1. Could you identify which residue out of 210, 37, 27 has the top mean-square fluctuation in a GNM of the chain using Cα springs shorter than 10 Å?
2. Run the helix sum for the chain: -39,500 (n - 2.57) per DSSP H stretch of 4+ residues, divided by residue count, reported at 222 nm to the nearest 500 deg cm²/dmol.
3. Compute the distance from the alpha-carbon center of segment 309-337 to that of segment 46-94, in whole Å.
4. Using the count of nearby Cβ atoms within 10 Å as a rough guide to exposure, how do 186, 231, 32, 329 rank from fewest to most?
5. Going by alpha carbons, how many degrees (0 to 90, nearest 10) lie between the helix axis of 197-207 and the longest principal axis of the chain?
6. From the Cα gyration tensor of segment 250-311, with a ≥ b ≥ c the square roots of its eigenvalues, which class applies: rounded if a/c is under 1.5, or else prolate if a/b is larger than b/c, or else oblate?
7. Choose one answer from 161, 342, 123: the residue with the largest mean-square fluctuation in a GNM of the chain with alpha-carbon springs under 10 Å.
8. Let me have the relative contact order for segment 165-373, percent, based on Cα pairs under 8 Å that are six or more residues apart.
Amino acid sequence: MVNRAHGGRLQRRTANERTRERILSEAEDYPVLEISASNAVDLENIATGVLSPLDGFMMSDQLQSVLANMRLPDDIPWTIPVVLDINEDVRAFDEGDTILLCEGGETLGRMHVDDIYSYDKREYCRSVFGTEDPDHPGVASVKEMGHFLVGGEIDLLKERENPFRDYYLTPTETRILFRERGWDTVVAFQTRNVAHVGHEFLQKTAAVFADGLFVNPVIGKKKVGDFRDDVILHSYDVLLKHYYPREISHLSILNYEMKYAGPKEAIHHAIMRKNFGCTHIIIGRDHAGVGNYYGPFEAQEIFREFPDLGMEPVTFQFFFHCRKCMNIVNSKICPHGPEDHESLSGTKMREMIVSGEAPPPHLMRPEVFEAIREFENPFVE
């Protein structure tokens, strides 16, 4: 049986056709709030159950509980705020109002405003990211947020345009897929990069002990220098086609904006994959990290603080290619010295890709490299 939703119930907050048409026909009667692309992604993820048990944007008591305790007020584990920010000077509504949420002038959702409140950005950053350094991309994003937050239940009226719709499944749909395939245990792999042989090794090693492998790349806004979404998907299409058994693997995207919050985001990633129905998640070295803000294994160690999470982390230490073992190994299973080891450095492979040099086959599959080369510039600018 696939995993239960986080909190015990998968949220579904999508308005039916009749309700949607009625609300849109009465649009002039509602105050309107223009939201960011990031907020719009959160809106859709709340509505489809990716962020269960949330049924809307967080209210003040929920935010404070998460910042102070890494749990919602009812003690359910939660580590990353999901909030809707505004500036007071653009507010045209009050608590108790029902408003429409729009992106680029297009109506996406309805919200029942239960709470409008201020918050401390420094406290927010210290709690979530462990730093107030403006060079941290997550901190920089918070600094740009409005000074007030709006909390309350939402209903999705329209899905956003998605150029990768063919790769997209909701938690309801993935649960059906897993049941149809007879997958009782499903291991998720979170990624924002193209695949090298080290990633493949992690995935296949974990898949040995599960019924299915759910490869779940993050699609959405990323920092400069990350691989583009279309490049990531094309590289995985090629890899899965040539090197993965179809009956034990599936590729599906997660629309999500990375926070680069290291260990706390690792828990958040696990919760979202739990809502898709997964039972395990691969947590590698420096998961969801950036720069030197987090220790290499902090994202693995934090899981010890959540014995009630309902998701099992599959953890791996530092891997490398050993010329004598002629395989991907780590120090636990390889007796040879560092002179025989070759790092599986994403930075090194990125530099080779930029220069047009093909990484050796024991570091990246030739088919994957050729797939990346099809793009003139594979990186976010």
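1. With Cα springs under 10 Å in the chain, the top fluctuation among 210, 37, 27 is at 27.
2. Here the helix-only value at 222 nm equals -9000 deg cm²/dmol.
3. After rounding, the separation between the Cα centres reads 38 Å.
4. 32, 329, 231, 186
5. Roughly 70 degrees between the two axes.
6. Cα axes put segment 250-311 in the oblate bin.
7. Largest GNM mean-square fluctuation: 161.
8. Contact order relative to length: 22 percent.
Each value in this text was obtained by applying a stated rule to the coordinates, not by laboratory testing. From a predicted model like this one, the values you see are computed outputs, not experimental measurements. No Cβ is skipped: glycine too gets one built from the backbone with ideal geometry, and neighbour counts run over all protein chains shown.
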